[in-house]
Amino acid sequence: MKILIVEDEQHIADGLQFNLEAEGFETELAADGKLALDILSANGSRFDAIVLDVMLPDVDGFTVAKRLRETENFTPILMLTARNRPEDVLHGFESGADDYLPKPFELQIFMARLNGLLRRREWFKKETKSPNGNEIFEINNRLIDFSNLELRSETETVHLTLMEAKLLRYLIENAGTAVSRKTILEEVWDLNEETDTRAIDNFIVRLRRYLEDAPETPKILQTVRGVGYRFVIDN
Ligand code: CA
């Protein structure tokens, strides 16, 4: 497994690199956002995950994540955010990060988060190889292919990020039940602290755009006033 570390603070970068290599990972280091984009555009698919600091000289971590996703690079991103800045978390998820870790952090927690991210990816991937074929869910003339993280309609194929797929899977598993934003944050994002729940709303807007014929009057991914959301399978 190969990890790209994008971090300008030398001592943090060294610490991460040392620990990752001790755990058997290969690593590559980029000390700024521009270099990271250069490395990734040259050959973006060779990394299994990217550890991405937000505060970087020239091009910041949000921009790096956004550019990557725009160029259809969906390598899982663990974003390192400044502490006590919930807006960074929101912004991070919106830019395409899959998970985040506030600085400063314990290396043990870092490894756990990174391994969680890699496991999640393996979990989605492995189902491709299951003897029963791919795990495909059909709704509203669209196919959600969880194995390949794709949503296909007659006219387009949309790539789902890990977080979009995880949220969608959670909503489908709980179809018919109203689930609160707080529960979603805990179950899907593993966030227990008081994070701004708007992060979820933005994901819901995106999922509606994929699933609904008229996203502004949703029939599948309904808002339940005062509670949260309900996924409705039978329309
Ligand atoms: Ca930094």
Using θ = phi - 60° and Karplus 6.51 cos²θ - 1.76 cosθ + 1.60, couplings along region 93-98 (whole Hz; Gly, Pro as x): 5, 5, 7, x, 5, 9
Rotationally averaged projected area of region 12-130 (alpha carbon convex hull; nm²): 7.6 nm²
Aspartates and glutamates whose Cα lies under 18 Å from that of LYS2, excluding same-chain neighbours fewer than 8 positions away: ASP14, GLU21, GLU23, GLU26, GLU28, ASP38, ASP48, ASP53, ASP98, ASP99, GLU122
Sum of side-chain charges, ARG152 neighbourhood, beta-carbon under 12 Å (Lys, Arg +1; Asp, Glu -1): -4
Principal-axis tilt of helix 33-43 within the chain, Cα atoms, nearest 10 degrees: 70 degrees
Protection proxy ranking of 6-13, 22-29 - average other beta-carbon atoms within 10 Å, highest first: 6-13, 22-29
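So what is the 222 nm mean residue ellipticity for the chain from helices alone, if each DSSP H run of at least 4 adds -39500 (n - 2.57) and you divide by all residues, rounding to the nearest 500 deg cm²/dmol?
-13000 deg cm²/dmol
Might you tell me the accessible area per residue for region 1-126, computed with a 1.4 Å probe and given in Å²? Mind dumping the intermediate values first?
Values: 5960 Å² over 126 residues.
That works out to 47 Å² for each residue.
The values are calculated or read from the model by the stated rules, or taken from the named source; none is laboratory data. Keep in mind that what you see is a predicted model, and the values were worked out from it rather than measured. Heads up, the Cβs are rebuilt from the backbone with ideal geometry, glycines too, and the neighbour counts pull from every protein chain shown. All accessible areas refer to the heavy atoms of the entire protein, side chains included, with ligands and DNA or RNA removed. Shrake-Rupley method; radii C 1.70, N 1.55, O 1.52, S 1.80 Å.
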